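These notes are about the structure you will find just below.
Where a number appears in this text, it was derived from the coordinates with a stated rule and is not lab data. Quantities reported herein were computed from a predicted structural model and do not represent experimental measurements. When we count neighbours, we look across all protein chains shown, and the Cβ atoms used for this are built from the backbone with ideal geometry, even at glycine.
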Amino acid sequence: MIYHIVGKETAIGDPYAPPSLAKEGFVHCSYREKVRESAALYFPADATLVVLEIDPRGLPVEVAETPRGPMPHVRSAIPAANIVARLPLETFPR
């Protein structure tokens with residue numbers, strides 16, 4: 001599984017296509033062990049966040065080398081069927 005972090009109020013359409021897809025050509029994702037680090041780097045500390053658990057099967061996933069190590073990038077909108085769970089960050093496994 002791969003993970004994408006959004007604000008609690010973010011609308012998740014079918015397919016899900018965040019602004020980064022149009023701007024950068026991919027959806028930023030993380031591996032499980034990097035989710036909390038990603039949240040801390042890219043969102044305000046008081047933000048209420050949800051972690052989308054994404055089944056990558058059938059998606060065009062590219063593993064990009066980043067300063068924080070390899071990170072998955074999805075190079076398309078994500079069908080709702082591939083979003084298997086929406087988990088509050090505060091209950092996401094450490």
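Here are a few things to note about the model shown:
- In the stretch 38-90, the trypsin sites (Lys or Arg not before Pro) that fall in loop regions by DSSP, at most 11 other Cβ within 10 Å: R57, R68
- Highest-MSF residue in the chain out of Y31, Y42, Y16 [GNM, Cα springs under 10 Å]: Y42
- The alpha carbon radius of gyration of the chain, expressed as a multiple of 2.2 N^0.38 Å, is 0.99.
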